[in-house]
Each structure stands twice: as C-alpha cells, then as structure tokens.
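J.: Take this structure first; my questions come after.
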Amino acid sequence: MSAEPTQARRQASDRDPSRAHWMELFFDLIFVALVGQLAHGLHEHPSMASLLTFLALFASVWWSWVNLTFAVNVMPWLSRRQLAGVMLTAMFALGAIAVAAPEATGERAWLFAAGNAALRLILLALWGWQSWAAGTASRLRLLAYNGLTALLWFVSIWLPAPWSFALWAAAILLEVVLLIATGARWSDRVLARLNVEHLAERFGLLVVIVFGESVLSIVVVLSATWNPQAGLVAAAALAAIALLAWSFFLYGTDAMRDGLEALHAAGDYRAIRDTAAFLPFLIVAGVTAISGAIGAAIQHPEEALPLASAVSLWGGIAVFYLCNAAVSLRFGRPVRGVLRWALPALALTALLGVAATLLPAASVIYCTVAVLAYIVASTELGERRRRADASAPDRSSARPPG
C-alpha cells in the first residue's frame, strides 16, 4: 500500500468529505453524554477540586475527539461503511469512558484508562491501515503517537493513584509534543488533503450539541426543584445560554470557516492546528462549566453561589470570549477590531465575577443575562455599522479634482 492513495481509490468513496456524516454526529452524542458525566461533580458537589478534576479529565477525552476527527478529515477516501465501522467501534470505547467518568479518579479509574487505551488502538489500526507503507519514520511516529500512548494508558490500569494519573498525563503530553515537534515534516501532505469545510462543520455541530446538553441540564434541574423562583432563574439561564449561542453561531462559525480557508490557502499548518485542536477545547469546557454553575443557581436561588460555581460561571464566560478573541487573532483579524469587542466583554465579565461573590445566585444569573445581552447588542450594532460602511458608495471618488 502506498503512502498516498491512488486516484481510483479517492473516487471510490461514496460520501461527501466536505460534510459531516451522520455517523460522526451519532458519535458526538456519546461524546456529549461523556462531557455531561464528567461535569457531574460540578452539578452535584461543586468545589474547586471538582472543577480542576473536570478540566483535567476533559482534556484527555477532548484530545481523543480531535484525533479521531482529524483522522477522518484527512482520509476522504473512506467509504460510508468504513467510516461507520470506525465510529461505531470508537463509540464503544467512548461509552466505557462515559460510564467510568463519575468515578474516574476512584474505583472506575481502570475503566477510564481502558477506554482511552482502546481509542488509541483504534486510531493505531486506522492510521496503520492507511499509511504503514509511508516509510520507517512514519511508522515510528505512528507507533509512538498511538501505540506507546495506548500502552501507557493500559499499564496505568494496574497502578495505584497518583502514579496512574501521572501516566495519563504523560500519554497526553507525549501526543501533544509529537504533534508539535513532527508537524512540519508531514504538514504538506496533510494540508493537501485537509478539508476545512468538514472541520468547521464538525466543530460547529459539536458546540450545538454541547449547548443542547446545557439546555437539558436546565430542564432537569428545574424539574427536580420546581417552584416559581427557580422557574424565573431557569428562564434567565436559558436566555444566557441562548445569548452565548447567538454570539457563537452568528459570528464564530462563519469566522472559523473563513479563517480556516485563509490559513489553508496560506499553508499555515500551525495556525490550523491551534485553532482546530487546542483553542476549541476552552470553548467547550467553558460552556460546560457555565452549565454546572447554572444548575447550582436554580437549586438554591436565594443563596450565594459556591466559590467553584461562581468561578465556573464568570470564568466560563471569560474563557468563551477570550478563546474567540484568540482564534480571531490567529486567523489574522486586525488586532484593533478584535480588541474593540473583546476588551469590553472581558471587563464586564470581570465585574460579573465580583457580583458572583456578593449577590444571591438568582441575582447573579440576572446580571449574567444583562452582561451577555449588552455584549450581543454591541456586537450587532457594530456589525450593522460595518455593513453600512461597506455598502456605502465611495464619495471620495465622486469629488471633482482639485
């Protein structure tokens, strides 16, 4: 098997590689269920320890999602059935991780590790099938990136904490280092096959489902603690999630697609890597953290938010806008234009952080809605002015000379 697929093999695919396949979306449902399981501690027992644990565990499963998404993206010749087979197999591994998630640092740590090891072995088999004949260097990278890391996860099953957790961190760190260190050697071959439309659509659809999980958590918590005040807080919380979704889907998704296309045309693999693999982690983690804080506010609207919930709320919003600003800058947007909306958003979020330590939970949620509504309204007005300026005739060209 050659390192590059033949033209006949490229044409053998019966799917559109520029669009996310239904089986990829089906896989994402399991992924979001896993995210909800990981965030269980933020809902039930909010503490700084549970927040840090969520972020650490989520980093490992996010990286698995990125690896699998990227592999499918640069293998456009995979048929629908081949893709479905890969996704369904990966779903069982991800399902094991989801079952283990609530006790991933306790009695189910072995299952969490086994699921992660299985995901690496699936990727090892997929990449080996596609590119084993690419040469010794490619084989060594493949065996290190997916094989050695799978071994680390597997060995950790029999180690006690904290040594098992140290191997988990080492496995993730090894993958990140290899991606950064060896990217330049094979970026040209990858860029030739990279489909930015598929990448932007996959991430956008994942965020849709994550927002949906946040809405579901609002409904579940309200149903369990139904009373008029909880209903008002839940309605405000839904408005807050809707405003975040407005910001992302009316501006973020188009900016990501256009930005990735520009980076792809420029051959900037590093910027694509940063904006498609590293930075989106913060957006998804931030939205999930916000969801946990909202649940605590609905349950106890008259009490002050626990410290972890307060940090999750304003920190999640700050990370959401900070990450969007970083992505915009990485896409080459003018610094002045990005700062025009990013600085007010972050300043208001900082004030929200102060309010979260002083006011009852219900009042904090109402303030959150006011802050997000102001950010969205300001962005809309700025966008309207930009469109008006762009469509206005150039009066300077109509002036008489002299």
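J.: Could you say which residue among VAL319, VAL287, VAL311 is of a type in the set (Val, Ile, Thr) and farther than 21 Å from ILE209 by Cβ?
T.: Of the residues listed, the single one that is of a type in the set (Val, Ile, Thr) and farther than 21 Å from ILE209 by Cβ is VAL311.
J.: Please identify the pairs in which a residue from segment 1-30 that is more than 28 Å from GLY204 (Cβ to Cβ) has its Cβ atom under 6 Å from the Cβ atom of a residue that is at pLDDT 80 or above and surrounded by 12 or more Cβ atoms within 10 Å (Cβ to Cβ), counting only partners at least 6 apart or on another chain.
T.: Sorted first by the residue in segment 1-30, then by its partner, the pairs are ARG9/TRP77.
J.: Which numbered condition in (1) modelled with pLDDT of 85 or more; (2) of a type in the set (Asp, Glu); (3) surrounded by fewer than 20 Cβ atoms within 10 Å (Cβ to Cβ) is the only one that GLU44 fails?
T.: (1)
J.: Does any residue of segment 183-198 turn out to be under 30 Å from GLU44 (Cα atoms), part of a helix (DSSP H, G or I) and modelled with pLDDT under 85?
T.: no
J.: Here is a further query. What helices (runs of 4 or more DSSP H) completely inside segment 85-168 contain at least 1 residues that are under 29 Å from TRP22 (Cβ atoms) and open to solvent by 30 Å² or more (accessible area, probe 1.4 Å)?
T.: 109-131
J.: Also, quick follow-up: Please state which one of SER328, SER312 is among the hydroxyl-bearing types (Ser, Thr, Tyr) and either modelled with pLDDT under 90 or more than 21 Å from the chain's Cα centre (by Cα) (or both).
T.: From the options SER328, SER312, the qualifying one is SER328.
J.: Quick one: which helices (runs of 4 or more DSSP H) sit completely within segment 293-402 and have at least 2 residues that are surrounded by 19 or more Cβ atoms within 10 Å (Cβ to Cβ)?
T.: Fully inside segment 293-402 and qualifying: 307-330, 335-358, 361-391.
J.: Follow-up question, since we're still on this one. Is it the case, given these coordinates, that ARG108 is under 26 Å from HIS43 (Cβ atoms) and basic (Lys, Arg)?
T.: Against the criterion (under 26 Å from HIS43 (Cβ atoms) and basic (Lys, Arg)), ARG108 qualifies.
J.: Something else about it: Among the residues that make up segment 270-278, is at least one of them open to solvent by 70 Å² or more (accessible area, probe 1.4 Å) and either polar (S, T, N, Q) or part of a helix (DSSP H, G or I) (or both)?
T.: Within segment 270-278, one or more residues are open to solvent by 70 Å² or more (accessible area, probe 1.4 Å) and either polar (S, T, N, Q) or part of a helix (DSSP H, G or I) (or both).
The values are calculated or read from the model by the stated rules, or taken from the named source; none is laboratory data. Since we're looking at a predicted model, the values are computed, not measured. Backbone-built Cβ (ideal geometry, glycine too); neighbour counts: all protein chains shown. Each accessible area value is taken on the protein alone, full model and side chains, heavy atoms only, with ligands, DNA and RNA left out. Shrake-Rupley method; radii C 1.70, N 1.55, O 1.52, S 1.80 Å.
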